[in-house]
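**Q** Pasting a structure below so you can have a look.
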Amino acid sequence: MEQQEFLDTLEAEGYAAPVLVRREPDGRLDDHAHPFEAKALILKGEVRIHAGGEIKIYRPGDVFHLRRDEPHRESYGPDGVEYLAGRR
């Protein structure tokens, strides 16, 4: 997905203005959940989301979605990851 299309989608779906998130190379966040729904567009690098018994890899142009209070963990590729994340 292109960045402007993503921004338009966030606005249409009632998300707050997105924030830029950067994570370090080969980093990780252990099991956690957020008290908000999140939708993010990958700009650089890659992130692996472990949720619901599945592991999905997201790369530039991909969008991931996490429901409010959805347990998950994250790990980042050798170049880290940079993404725009909207919350609602």
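**Q** Of all strands (runs of 3 or more DSSP E) completely enclosed by segment 2-88, which ones contain at least 2 residues that are touching a helix residue (DSSP H, G or I) at 6+ places or on another chain (Cβ under 9 Å)?
**A** Once the strands (runs of 3 or more DSSP E) in segment 2-88 are filtered for at least 2 residues that are touching a helix residue (DSSP H, G or I) at 6+ places or on another chain (Cβ under 9 Å), what remains is 38-51, 72-87.
**Q** Still on this structure: Just to be sure before I move on: is residue 51 under 21 Å from residue 2 (Cα atoms) and aliphatic (A, V, I, L, M) in the structure I sent?
**A** no
**Q** Taking residue 65 and the conditions (1) surrounded by 13 or more Cβ atoms within 10 Å (Cβ to Cβ); (2) under 11 Å from the mean Cα position of the chain (by Cα), which numbered condition does it fall short on, given that it satisfies the others?
**A** Tallying (1) surrounded by 13 or more Cβ atoms within 10 Å (Cβ to Cβ); (2) under 11 Å from the mean Cα position of the chain (by Cα), residue 65 fails exactly one: (1).
**Q** Moving on to the next point. Mind checking which pairs have a first residue in segment 64-88 that is farther than 17 Å from residue 17 by Cα and touching a residue at least 40 places away in the same chain (Cβ under 8 Å) and a second that is of a type outside the set (Val, Ile, Thr) and buried (at least 19 other Cβ atoms within 10 Å of the Cβ), Cβ under 8 Å, 6 or more apart or different chains?
**A** Pairs found: 72/66; 76/45; 77/45; 79/45; 80/45; 81/45.
**Q** Next up: Which of the residues that make up segment 1-57 are without any contact (Cβ under 8 Å) to a residue 60 or more places away in the chain, open to solvent by 60 Å² or more (accessible area, probe 1.4 Å) and within 11 Å of residue 83 (Cβ to Cβ)?
**A** Within segment 1-57, 23, 44 meet the criteria.
The values are calculated or read from the model by the stated rules, or taken from the named source; none is laboratory data. Quantities reported herein were computed from a predicted structural model and do not represent experimental measurements. All Cβ positions, glycine included, derive from the backbone under ideal geometry; neighbour counts span all protein chains shown. When the accessible area is computed, the model is the full protein with side chains, heavy atoms only, and any ligands, DNA or RNA have been set aside. Shrake-Rupley method; radii C 1.70, N 1.55, O 1.52, S 1.80 Å.
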